[in-house]
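The structure under discussion appears below in the form of structure tokens.
The values are calculated or read from the model by the stated rules, or taken from the named source; none is laboratory data. Predicted model, so just to flag it, every value in this text is computed and none were measured. Virtual Cβ from ideal backbone geometry, glycine too; neighbours counted across all protein chains shown.
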Amino acid sequence: MSDLTLAIVPQQPADQAAIERLDERVFGPGRFARSAYRLREGVPADLSLSYVARVGRLLVGANRMTPINCGGKPALLLGPLSVEPAFRNAGIGETLVMKSLEAARAAGHSLVILVGDMSYYGKMGFKPVPEGRLVFPGPVDPERLLYFALAENGFEGVSGRVTRP
């Protein structure tokens, strides 16, 4: 019998095809039109801060951390966070996010933003970006723009356009 333990490990370039298939199943083809996807276009994720979840050899979850700028200051964009539907509600998504946040803090980053649901990400310490403080490219529901300060005062003084680095 194979080992069916959950393993959270850093992403590798060889994982990309499986992650793309997972994102297709979870988000569908319309994902490319979303503002966060367009912001990530052409910017490689930082694989040292991005993780996959495996049960045995099966990839069941993934998240990415991509470098961005917020008002000219360096930050990270979390997402997409994808978990196979059959493995949802098992804490895999939260584990992936927390692992990325820990790695980003250890690497000296000070700020992470994302577009997501406060009801989900708020439990992990994310807070809503005050309306008008950051200008995201393309349409984004301001209530879904969230941040996590990795360092004390990591969000202090941050305002302006969210751009590629």
Is at least one residue of the stretch 39-46 free of Cβ contacts under 8 Å to residues at least 12 places away in the same chain and basic (Lys, Arg)?
-> no
Tabulated pairs, the stretch 143-155, first within 11 Å of Val115 (Cβ to Cβ), second surrounded by fewer than 17 Cβ atoms within 10 Å (Cβ to Cβ) and among the small types (Gly, Ala, Ser), C-beta under 8 angstrom, 6+ apart or interchain | Leu146/Gly122
Restrict the check to the stretch 10-26 and report whether at least one residue is of a type outside the set (S, T, N, Q), part of a strand (DSSP E or B) and either modelled with pLDDT of 95 or more or out of contact with any Leu (no Cβ under 6 Å at 6 or more places or on another chain) (or both).
-> yes
For the stretch 59-80 the number of residues that are within 22 Å of Pro165 (Cα to Cα), at pLDDT 95 or above and surrounded by 17 or more Cβ atoms within 10 Å (Cβ to Cβ) is 11
Mind listing just one residue for me: the one in the stretch 131-152 that is of a type outside the set (Gly, Ala, Ser) and more than 29 Å from Thr95 (Cβ to Cβ) and, of those, surrounded by the most Cβ atoms within 10 Å (Cβ to Cβ)?
-> Arg133
Kindly indicate whether Arg40 is touching a Ser or Thr at 6+ places or on another chain (Cβ under 6 Å), at pLDDT below 95 and either aromatic (Phe, Trp, Tyr) or crowded, with 16+ Cβ neighbours inside 10 Å (or both).
-> yes
Cβ pairs under 8 Å, 6+ apart or interchain, first in the stretch 114-135 and farther than 18 Å from Val83 by Cβ, second in a helix (DSSP H, G or I) and basic (Lys, Arg), ordered by first then second residue, are Met118/Arg144
With the first residue restricted to the stretch 58-71 and required to be touching a residue at least 60 places away in the same chain (Cβ under 8 Å), and the second required to be assigned to a strand (DSSP E or B) and of a type in the set (Asp, Glu), Cβ contacts under 7 Å at 6 or more apart or on different chains are none
Answer yes or no as to whether Phe155 is within 25 Å of Glu20 (Cβ to Cβ) and either at pLDDT 95 or above or surrounded by 13 or more Cβ atoms within 10 Å (Cβ to Cβ) (or both).
-> no
Filter the stretch 66-97 for residues that are farther than 18 Å from Arg144 by Cβ and either under 10 Å from the mean Cα position of the chain (by Cα) or hydroxyl-bearing (Ser, Thr, Tyr) (or both) and give the result.
-> Thr95, Leu96
